[in-house]
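**Student:** My structure is below; once you've seen it, I'll send some questions.
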Amino acid sequence: MSNPARYHRAFVAAELAASQDESAQMSHLGHYELLLFKLKQDLDRLHHVESRRRKAQLKREMLPTYQPWVAGVLASGTGAQDAVLMRMLVWLLDVGDITAALDIGDYALRHALLAPDGFERATPCLIAEKVTASAQRNLNDGQPLDTEQLLRARSLLAGQDMPDKVKACLLKVVGHALRQDGTLTPVRVREAALNAMHEVNTRLAVWHRAQERAGTLALDAVPAEPGLIKRRQKEKALFESRE
């Protein structure tokens, strides 16, 4: 086919046929599947963007496409795992909309939903890290912190299992927010201390039950940390040298 005009007409015809085949395939998909298809396209687009700020801006532009679905799931959802919903949780935190993100986070924690593909952390840890990162960006930019929503995040995540460092970082930005508002009162400090004590007691109770089941409740049967063993050996050697 040496004639350029004929080549162009053949190319357009082939492209149109492919487009019609795709449309026919898409017509059999439900709303959720169509959103997943759209989400994959958006994720591919984001994958080619290096700038964090540019990615955040693109996500703000993309979010309205998915907001009706999110609202419907939160209003009448059954708690089924939802890839679109959980991805929107991440995007909302990335753009700094903690209020809308925690609406999803509350639902996700109540129904034990898993984090989106590509995230190895559990959902509570993911929420804590993303909320902390959002608050830290505000601090770095000299922007005020949303104390109400940070306290809400702390309340939602209370008792959830996550690395101690992650929880400590979240509590640190909560403390920044309270100082910012001038509301770090003795009552709030006491409340925070009581919450921390409650969490420690809860963990101790879990440990106690595990030891009972294992039959190693006696303290002598509990494996000591390597550092503690070394300290005890040094203390023993020092004591024996003085006899």
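**Student:** State which residue is modelled with the lowest pLDDT when the search covers only segment 193-213 and only residues that are closer than 30 Å to N140 by Cβ and surrounded by 12 or more Cβ atoms within 10 Å (Cβ to Cβ).
**Tutor:** A196
**Student:** Right, something else. For L89, are the conditions met, namely being buried (at least 17 other Cβ atoms within 10 Å of the Cβ) and at pLDDT below 95?
**Tutor:** no
**Student:** Okay, next question. Within the set of pairs 6+ apart or on separate chains, which have a first residue in segment 65-80 that is under 19 Å from F37 (Cβ atoms), a second that is surrounded by 12 or more Cβ atoms within 10 Å (Cβ to Cβ) and modelled with pLDDT under 90, and C-beta atoms under 8 Å apart?
**Tutor:** W69/Y32
**Student:** Let me ask something else. So which residues in segment 48-79 are more than 23 Å from L109 (Cα to Cα) and assigned to a loop (DSSP other than H, G, I, E, B)?
**Tutor:** Hits for segment 48-79 are H48, V49, E50, S51.
**Student:** Pick out the one residue from A133, A128 that is outside the structural domain of R60 (by TED's automatic domain parsing), among the aliphatic types (A, V, I, L, M) and under 10 Å from the mean Cα position of the chain (by Cα).
**Tutor:** When all the criteria are applied, what remains is A128.
**Student:** With the requirement that a residue be crowded, with 16+ Cβ neighbours inside 10 Å and not β-branched (V, I, T), what does segment 123-136 give you?
**Tutor:** P124, C125, L126, A128, E129, K130, S134, A135
**Student:** Give R190, R152 a once-over and let me know the one that is assigned to a helix (DSSP H, G or I), at pLDDT below 60 and not hydrophobic (A, V, I, L, M, F, W, C).
**Tutor:** R190
The values are calculated or read from the model by the stated rules, or taken from the named source; none is laboratory data. Quick caveat, the model's predicted, so the values are computed rather than measured. Every residue, glycine among them, receives a Cβ derived from its backbone with ideal geometry; neighbour counts consider all protein chains shown.
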